[in-house]
Amino acid sequence: MKRKRFSVEQIVAVLKQADVGVPVAELIRQVGITEQTLYRVRTVYLGRTATSMQEALFRQEGKVYEPQMLLQPEDVASVIVHALMLPSTAEVTDVSIRLMLKT
C-alpha cells in the first residue's frame, strides 16, 4: 500500500484543528491517518523564536529585539514537518532546536 503524502499546509491545518479541540477520533477519521501518525512528535524544545511575544519580552527586559538573531518560525515548522514525514518505523519523541549563531 502506497503511503499518503501530505503538503505542509495540510499538516499544519490538521495540527491547528487538533489544537482548537477537534476530537482526535474525528480528526483522524476525516484525514485518514492513524492516531500514531498524529502524535509523531511528542515534545519540541525551542530556543527563542522570532515572534511578537518574544519582541514584547525583549522590550520588557530592556533589550534590543533583533529577530535575525533568533530562530525563525519557518525553520521550526520545517523541522517538525520533516519529522512528521518520517516512515512509520521511526518514532521521534523529542526535538531540540537551537539557533546556530552564538552571541
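If you take the residues of the range 52-87 that are hydroxyl-bearing (Ser, Thr, Tyr) and over 30 Å from Ile33 (Cβ atoms), which of them is farthest from the chain's Cα centre (by Cα)? Outline the logic, then answer.
Step one: of the range 52-87, the residues hydroxyl-bearing (Ser, Thr, Tyr) are 52, 65, 78.
Narrowing further to those that are over 30 Å from Ile33 (Cβ atoms): 52, 65.
Working: Ser52: 17, Tyr65: 23 Å.
Looking at residues that are hydroxyl-bearing (Ser, Thr, Tyr) and over 30 Å from Ile33 (Cβ atoms), I get Tyr65.
Looking at the range 81-101, which of the residues that are surrounded by 11 or more Cβ atoms within 10 Å (Cβ to Cβ) and in contact with a strand residue (DSSP E or B) (Cβ under 6 Å, 6 or more places away or on another chain) is farthest from Val44 (Cα to Cα)?
Per the criteria, the residue is Leu99.
Out of (1) of a type outside the set (Gly, Ala, Ser); (2) out of contact with any Gly (no Cβ under 6 Å at 6 or more places or on another chain); (3) under 21 Å from Ile11 (Cβ atoms), the odd one out for Gln60 is which?
Result: Gln60 fails condition (3) only.
Quick note: the coordinates plus some simple rules give every number you see, no bench work behind them. This is a predicted model, so every value here is computed, not measured. For neighbour counting, all protein chains shown are included, and Cβ atoms are generated from backbone atoms with ideal geometry for every residue, glycine included.
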